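First comes the structure, then the notes that go with it.
The values are calculated or read from the model by the stated rules, or taken from the named source; none is laboratory data. Note that the coordinates shown come from a computational prediction; the quantities given were computed from them, not determined experimentally. Here the Cβ positions follow ideal geometry from the backbone for every residue, glycine too, while neighbour counts run over all protein chains shown.
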Amino acid sequence: MQTLLYDALNRSFTSPIRDSLWGHVYLTPELEAITKSAPFMRLYRIFQLGPVYYVYPGATHTRAAHSIGVFHLARRLIQALAERGADEWLTPVGVRSFFAASLLHDAGHFPYTHSLKELPLSAHEKLTGDIILSSPMKDLVAKTGADPYFTAAIVDDLLPSDEDGELIFYRKLLSGCLDPDKLDYLNRDARYAGVPYGAQDVDFIFSRLYPNKERGIDIDSKGIPSVESVLFSKYLMYKAVYWHRSVRSATSMIKKALIAALEKHVIAEEELYGLDDQGLFALMADRAKLLPILSLGEKVKNGCLYETIAEIPFDEYDHQKCADYADITKRTMYEEQMAEAMSKATGDSITADDIIIDMPEPISFETGLYVTDEHRSFSQSSALVNEEIICSFKKNLRVQRVFFDQTSRKDIKRIKKILTFCTHTIYFVN
């Protein structure tokens with residue numbers, strides 16, 4: 001291994017941060033300076049899992065802690081791959097850029113987990129790239145020995161590039177089936193939520209990985225169970241933690257309020273960038289004077305969540321209807337129609353503000369790994385995970401729900417009994 005590359009991978013990592021998951025994480029003084037910057041400090045004020053703490057009180061860890069963990073695993077990953085042949089195309093500047101990108105990959109992330117994900121806003125990867133290419137971060141990244149543009153391009157794959165092979169390699173490493181991001185958040189989220197589903201054997205996983213300049217990483221057949229574990233863990237974490245009905249209620253309340261605020265120009269798109277959790281709630285509380293639906297933010301903040309009154313399995317619909325409800329801009333219309341129908345059926349005055357229709361966004365399960373000693377893809381090698389299983393995961397997770405304001409004076413038990421949703425069967429929540 002060339003001396004300069006060895007130095008980039010191993011030397012000057014003298015600044016320790018004590019992480020509750022990985023123990024001592026060592027940074028260079030220049031990388032440590034990034035963690036002291038205002039854009040990074042904002043991540044300490046964003047809960048990694050947003051409203052999950054309503055269900056799992058220990059889940060109050062932050063995006064900053066996660067970002068430090070991703071950097072730690074990214075460094076371990078690139079060290080392991082360099083020893084197995086990746087040093088043929090790695091450069092010192094590229095490695096340092098990859099380290100900076102892994103530390104900053106969530107710098108542009110929205111507050112309150114994924115509550116803002118479906119809104120008509122810029123992708124958080126683009127916002128991250130913008131932060132990296134702006135002061136003060138641009139200078140801080142350059143001081144680490146990284147190239148700020150190259151760093152931004154690793155995170156934001158829409159940035160123009162010359163399709164440099166090393167850049168593509170880093171992009172594949174940072175976003176894939178066994179990427180540092182996923183390996184950290186599955187382990188970290190499971191630990192803080194107090195559930196067993198997410199734990200992964202990172203040491204063993206790294207021992208079964210091999211570099212490929214075009215694909216990023218390959219595995220050998222001994223690594224197949226590790227990939228299966230990651231896929232099943234991701235499914236279980238979404239099922240039990242990330243998309244728990246109470247979590248979906250909280251995030252859908254925030255979405256309902258903000259989509260209305262954006263449509264009525266009470267809140268501008270740019271005002272939602274760069275906020276932390278408390279900043280989001282403060283903005284919503286301030287503008288609630290102009291648009292009352294924004295008071296949903298205060299309800300969520302105080303844990304006063306809408307109640308789940310119906311759940312409809314994904315595979316019970318026709319695909320067009322599912323697509324219609326998946327469009328967040330159309331949901332208000334359907335909520336108004338449902339409110340009108342429910343008012344007629346119950347004799348109560350029910351408005352669209354009392355109802356929220358929630359359809360989780362599509363979720364991906366990455367299986368595109370190559371098994372080197374079997375000379376075929378992971379999906380062809382795995383005895384447990386195939387296309388049918390992945391489709392089953394996706395269908396089982398995408399449960400549509402109807403939430404109702406339990407603080408209203410309406411008789412919710414009676415509403416559950418009479419509620420119908422077009423001509424489809426409703427599975428009521430007891």
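Below are the figures for this structure:
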| item | result |
| --- | --- |
| Residue identified as touching an Asp or Glu at 6+ places or on another chain (Cβ under 6 Å) and either without any contact (Cβ under 8 Å) to a residue 24 or more places away in the chain or surrounded by 19 or more Cβ atoms within 10 Å (Cβ to Cβ) (or both) among ILE254, ILE224, ILE328, ILE312 | ILE328 |
| In the range 26-60, the residues that are surrounded by fewer than 19 Cβ atoms within 10 Å (Cβ to Cβ), hydrophobic (A, V, I, L, M, F, W, C) and under 30 Å from LEU9 (Cβ atoms) | ALA33, ALA38, MET41 |
| Residue satisfying all of: in the range 5-37; assigned to a helix (DSSP H, G or I) and polar (S, T, N, Q); nearest to ILE78 (Cα to Cα) among these | ASN10 |
| Residues (under 19 Å from the mean Cα position of the chain (by Cα) and either in a loop (DSSP other than H, G, I, E, B) or under 30 Å from ALA240 (Cα atoms) (or both)) located in the range 150-170 | VAL155, ASP156, ASP157, LEU158 |
| Condition met for LEU173 (in a helix (DSSP H, G or I), among the hydrophobic types (A, V, I, L, M, F, W, C) and more than 22 Å from the chain's Cα centre (by Cα)) | no |
| Test: residue in the range 139-149 that is assigned to a helix (DSSP H, G or I), more than 23 Å from LEU27 (Cβ to Cβ) and among the hydrophobic types (A, V, I, L, M, F, W, C) | no |
| Residue within the range 333-356 that is of a type in the set (Lys, Arg) and within 23 Å of the chain's Cα centre (by Cα) present | no |
| Complete set of residues in the range 298-319 that are modelled with pLDDT of 85 or more, of a type outside the set (A, V, I, L, M, F, W, C) and either under 19 Å from PHE404 (Cβ atoms) or not in a helix (DSSP H, G or I) (or both) | GLU298, LYS299, ASN302, GLY303, TYR306, GLU307, THR308, GLU311 |
| Matching residues in the range 66-118 - criterion: being in a helix (DSSP H, G or I) and surrounded by fewer than 20 Cβ atoms within 10 Å (Cβ to Cβ) | ARG76, GLN79, ALA80, ASP87, GLU88, PRO92, VAL93 |
| Pair list, Cβ under 7 Å, 6 or more apart: the range 394-419 residue within 17 Å of TYR242 (Cβ to Cβ), other residue modelled with pLDDT under 65 and surrounded by fewer than 18 Cβ atoms within 10 Å (Cβ to Cβ) | LYS395/ASP315 |
| Test for ILE267: is it farther than 24 Å from THR407 by Cα, out of contact with any Gly (no Cβ under 6 Å at 6 or more places or on another chain), surrounded by 16 or more Cβ atoms within 10 Å (Cβ to Cβ) and aliphatic (A, V, I, L, M) | yes |
| Condition met for GLY274 (in contact with a helix residue (DSSP H, G or I) (Cβ under 8 Å, 6 or more places away or on another chain), exposed (fewer than 15 other Cβ atoms within 10 Å of the Cβ) and in contact (Cβ under 8 Å) with a residue 12 or more places away in the chain) | no |
| Whichever residue in the range 358-393 is within 30 Å of GLU340 (Cβ to Cβ) and without any contact (Cβ under 8 Å) to a residue 60 or more places away in the chain and, among such residues, is surrounded by the fewest Cβ atoms within 10 Å (Cβ to Cβ) | PRO362 |
| The range 145-170, subset under 16 Å from GLY216 (Cα atoms) and of a type in the set (Val, Ile, Thr), residue modelled with the lowest pLDDT | ILE168 |
| One residue from VAL385, VAL371 being within 28 Å of LEU49 (Cα to Cα) and β-branched (Val, Ile, Thr) | VAL385 |
| Meets criteria (touching a residue at least 24 places away in the same chain (Cβ under 8 Å) and touching a His at 6+ places or on another chain (Cβ under 6 Å)) for TYR197 | no |
| Residue check, PRO136 over 21 Å from the mean Cα position of the chain (by Cα) and in contact (Cβ under 8 Å) with a residue 24 or more places away in the chain | yes |
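Okay, residues lined up against (1) in the same structural domain as MET137 (by TED's automatic domain parsing); (2) among the hydrophobic types (A, V, I, L, M, F, W, C); (3) in contact (Cβ under 8 Å) with a residue 60 or more places away in the chain:
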site: ASP7; (1), (2), (3): yes, no, yes
site: SER15; (1), (2), (3): yes, no, no
site: ARG18; (1), (2), (3): yes, no, no
site: LEU21; (1), (2), (3): yes, yes, yes
site: VAL25; (1), (2), (3): yes, yes, no
site: LEU31; (1), (2), (3): yes, yes, yes
site: THR35; (1), (2), (3): yes, no, yes
site: PRO39; (1), (2), (3): yes, no, yes
